[in-house]
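See below for the structure under consideration.
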Amino acid sequence: MLQEQEAHAAEMERTFIAIKPDGVQRGLISEIISRFERKGYKLVAIKIVVPSKEFAQKHYHDLKEGPFFNGLCEFLSSAPVIAMVWEGVGVIKYGRKLIGATDPQKSEPGTIRGDLAVEVGRNIIHGSDSPETAKDEINLWFKPEELVSYTSNAEKWIYGVN
Ligand code: UDP
Ligand code: MG
């Protein structure tokens, strides 16, 4: 039993998810949060913030060679963003599945972008794409004390091991 618990704990991950300015302005905050919440993932940090352009450039530093980089950073810093950390088994990879493909024209129906967005430049949500970027993005957006570790009553019904 102890071994099972340790294996379960080792599978726990955290990912950085942001609702971009278009998602906030379109009133999609609760819709997006609800999809992660209903899946069984746990919200461990959340805030509303207008990032500076410099901050947006740091967040998207991997894309600085892209032709859309400047517009993307201007957009992210133009209005409030909801920054969140979600926790659960497989949340980094599965979070990306819930979000859908980068271009909403290619996102499957049933995904957040597939159901709720039309254009790549207005695809309403960001999610970390790997364990390394998840770690970096969580550290960029949140101080350690802003991450709240807690047990939810639902966990024993979501996971076979507690
Ligand atoms: N983006 C864009 N044009 C492109 C590719 C990307 O405007 O041709 C934007 C889009 O909003 C995307 C963001 O840049 O969400 C980051 O790109 P990335 O390839 O990391 O996609 P994501 O990880 O968000 O799916
Ligand atoms: Mg990305």
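The values are calculated or read from the model by the stated rules, or taken from the named source; none is laboratory data. On a predicted model such as this, the values are computed, not experimentally measured, just so you know. Neighbour counts are summed over all protein chains in view; Cβ atoms, including those assigned to glycine, are modelled from backbone coordinates with ideal geometry.
Determine, yes or no, whether residue 91 is in contact (Cβ under 8 Å) with a residue 24 or more places away in the chain and more than 22 Å from residue 157 (Cβ to Cβ).
Against the criterion (in contact (Cβ under 8 Å) with a residue 24 or more places away in the chain and more than 22 Å from residue 157 (Cβ to Cβ)), residue 91 does not qualify.
Give 125, 138 a once-over and let me know the one that is of a type outside the set (S, T, N, Q) and touching a Gly at 6+ places or on another chain (Cβ under 7 Å).
125
Restricting to region 123-138, give me the number of residues that are surrounded by 15 or more Cβ atoms within 10 Å (Cβ to Cβ) and assigned to a helix (DSSP H, G or I).
The number of residues fulfilling the criteria is 6.
Out of (1) within 16 Å of ligand 2 (Cβ to nearest atom); (2) farther than 26 Å from residue 13 by Cβ; (3) touching a residue at least 24 places away in the same chain (Cβ under 8 Å), the odd one out for residue 84 is which?
It fails just one condition, (2).
Considering only region 64-81, state which residues are within 16 Å of ligand 2 (Cβ to nearest atom), surrounded by 16 or more Cβ atoms within 10 Å (Cβ to Cβ) and not aliphatic (A, V, I, L, M).
Result: 69, 73, 75.
Given the residues 92, 48, which is the only one that is over 15 Å from residue 123 (Cβ atoms), buried (at least 21 other Cβ atoms within 10 Å of the Cβ) and of a type in the set (A, V, I, L, M)?
Result of the check over 92, 48: 92.
Would you check which residues across region 125-137 are within 9 Å of ligand 1 (Cβ to nearest atom) and in contact with a helix residue (DSSP H, G or I) (Cβ under 6 Å, 6 or more places away or on another chain) and list them?
125, 127, 128
Does region 139-157 contain at least one residue that is crowded, with 16+ Cβ neighbours inside 10 Å and either free of Cβ contacts under 8 Å to residues at least 60 places away in the same chain or in a helix (DSSP H, G or I) (or both)?
Yes, because at least one residue in region 139-157 is crowded, with 16+ Cβ neighbours inside 10 Å and either free of Cβ contacts under 8 Å to residues at least 60 places away in the same chain or in a helix (DSSP H, G or I) (or both).
Output the residues belonging to region 2-25 that are within 22 Å of residue 156 (Cβ to Cβ) and touching a residue at least 40 places away in the same chain (Cβ under 8 Å).
4, 5, 7, 8, 11, 12, 13, 14
Go through 150, 60 for me and flag whichever is of a type in the set (Phe, Trp, Tyr) and within 26 Å of residue 25 (Cβ to Cβ). Before the answer, list the steps.
Details: 150 fails: within 26 Å of residue 25 (Cβ to Cβ).
Residue meeting the stated conditions: 60.
Helices (runs of 4 or more DSSP H) wholly in region 1-111 with at least 2 residues that are out of contact with any Ser or Thr (no Cβ under 8 Å at 6 or more places or on another chain), modelled with pLDDT under 95 and of a type outside the set (D, E, K, R) - which ones?
Of the helices (runs of 4 or more DSSP H) lying wholly inside region 1-111, those with at least 2 residues that are out of contact with any Ser or Thr (no Cβ under 8 Å at 6 or more places or on another chain), modelled with pLDDT under 95 and of a type outside the set (D, E, K, R) span 2-11.
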